[in-house]
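So the structure is just underneath, and the comments pick up after that.
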Amino acid sequence: MTLFDEPVPDMTKQIRSGIPLADRMRPADLDGFAGQKHLVGGGRVLHQLIEGDRLHSMIFWGPPGSGKTTLARIIANRTKSRFISFSAVTSGIKEIREIMKVAGHELKTRGVRTILFIDEIHRFNKAQQDAFLPYVENGTIILIGATTENPSFEVNSALLSRAKTYILDKLSQEDIKELIKRAVKDKKNGLGKYDIKIDEKTMDFIAMASDGDSRMAYNILQLAFDLKASGAKNGPIVINRDDALNVTQRKALLFDKHGEEHFNIISALHKSMRGSDPDAAAYWTVRMLEGGEDPMYILRRMIRFASEDVGLADPEALKLAIAARQSFEFIGPPEGYLAIIQLAVYLSLAPKSNSLYMAYKKVMADIKSFLSLPVPHHIRNAPTGLMKEAGYGKGYKYDHDFKDAVAYQSYLPQKLLGKKYYMPNQRGFEKDLAARLKRIEEIRKKDR
């Protein structure tokens, strides 16, 4: 737990004591903040709130190295409130209660607000998050949380409803290059006191390899510098692409994750699975993983594939896709890569059906054409009163009272009667669903 009572200190001594370059280069104000112009650019919402010290409870949601903690440090330097920071990894309810007690006392006796910054707030369990709720509600604290996970899933809904979520984007390659240039020139906190030569090609490689993560970019630069400085005698320290490649410990499979090759390879993976080729699917999966692609991106594409290209021909595919995601999150790389490869092979060999995808397209086409068609009266909710008198719910048949729990009645809006959206094929489990659907239609015909 850290209490920021003063601005970010002079880093001269910290450079000598081994403070990481990423921490030394944190800007003290928004002028030095890279990226997130949609939030902190001139006139934007966070820029106005921070500069005016008019803060409310908020959640910063963004990928690693996008500036969440840096924004908190800038707030710490700007606000007149007490600013307390701690990590959800190392803190528990006892520390929370102690902070709340002091915060309440400060507000009551001195009228001083407390801003509480929680890094990795998603790591707090429900009970720990609940402990903040009454203090956020009564204004004892202003809560600022940082998370790499979707707050909708990882933060309690009651707490989330009392905090504004701000989404931070992955830093662009140009943002990363600008940070590298600053670090090389900065004589106080960076590496500017050394005569470093680094060309555009090398900075492009570092920006690509760091994949929008500023901390990773600083680490690559620092390691490459340490490598060359240890053997340097006189003259400039030249950092080239091979030096950066050496310290990343990656082979030359890295590709531009936002360029044509990225889309070529993910397309190759998708089409290999659709074409039922497990060998090609395994190859492209490993190729992407070794090339530095985000494993979660690959998993997201596979989860979509499980519904779009396999669908109900094999309902287990979606379950395995979710399980693979959970397995990877639990184990991590590189061992967790096996779960992703397992999924790629399974999806390749699963029976294929795009019936759900086609149904979705047909439904969307009718929704765009007819807009908001009314719900038929007989299946509307009509508990009591005027709605019941108007005929809402009248004529509804309770399916469980009929043979096979199937009653003959319409469920679609009047203009769409007779429409068929879901058309199962004859592959895998969907063959059984097709037979079941045919049986349902036969029963309805008999009950007309």
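Structural remarks
Residues are listed down the side, and each one gets a yes or a no for (1) at pLDDT 85 or above; (2) surrounded by 16 or more Cβ atoms within 10 Å (Cβ to Cβ):
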position	(1), (2)
PRO20	yes, no
PHE33	yes, yes
GLY43	no, no
HIS56	yes, no
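- Residue match in the stretch 321-333 (condition: charged (D, E, K, R), crowded, with 18+ Cβ neighbours inside 10 Å, out of contact with any strand residue (DSSP E or B) (no Cβ under 7 Å at 6 or more places or on another chain) and closer than 21 Å to GLU149 by Cβ): yes
- Any hit, the stretch 289-296, residues being in a helix (DSSP H, G or I), over 19 Å from the mean Cα position of the chain (by Cα) and small (Gly, Ala, Ser): no
- Restricted to the stretch 139-190, and to residues there that are of a type in the set (Gly, Ala, Ser) and part of a strand (DSSP E or B), the residue that is surrounded by the fewest Cβ atoms within 10 Å (Cβ to Cβ) is ALA146.
- Filtered residues of the stretch 54-71 (kept if of a type outside the set (Ser, Thr, Tyr) and in contact with a helix residue (DSSP H, G or I) (Cβ under 6 Å, 6 or more places away or on another chain)): LEU55, ILE59, PHE60, TRP61, GLY62, GLY65
- Test: TYR194 is crowded, with 22+ Cβ neighbours inside 10 Å and either assigned to a loop (DSSP other than H, G, I, E, B) or not assigned by TED's automatic domain parsing to the domain that holds ALA34 (or both): no
- Near pairs, Cβ below 8 angstrom, 6+ apart or cross-chain, from the stretch 319-339 (without any contact (Cβ under 8 Å) to a residue 12 or more places away in the chain) to any residue that is in a helix (DSSP H, G or I) and among the small types (Gly, Ala, Ser): ILE331/ALA339
- All positions within the stretch 340-362 that are among the basic types (Lys, Arg), in contact (Cβ under 8 Å) with a residue 24 or more places away in the chain and surrounded by fewer than 16 Cβ atoms within 10 Å (Cβ to Cβ): LYS362
- Here is the figure for the stretch 272-300: residues that are within 18 Å of ASN354 (Cα to Cα) and surrounded by fewer than 18 Cβ atoms within 10 Å (Cβ to Cβ) total 5.
The values are calculated or read from the model by the stated rules, or taken from the named source; none is laboratory data. Just so it is clear, the structure is predicted and the values come from calculations on it, not from any experiment. Cβ atoms come from the backbone with ideal geometry, glycine included; neighbour counts cover every protein chain shown.
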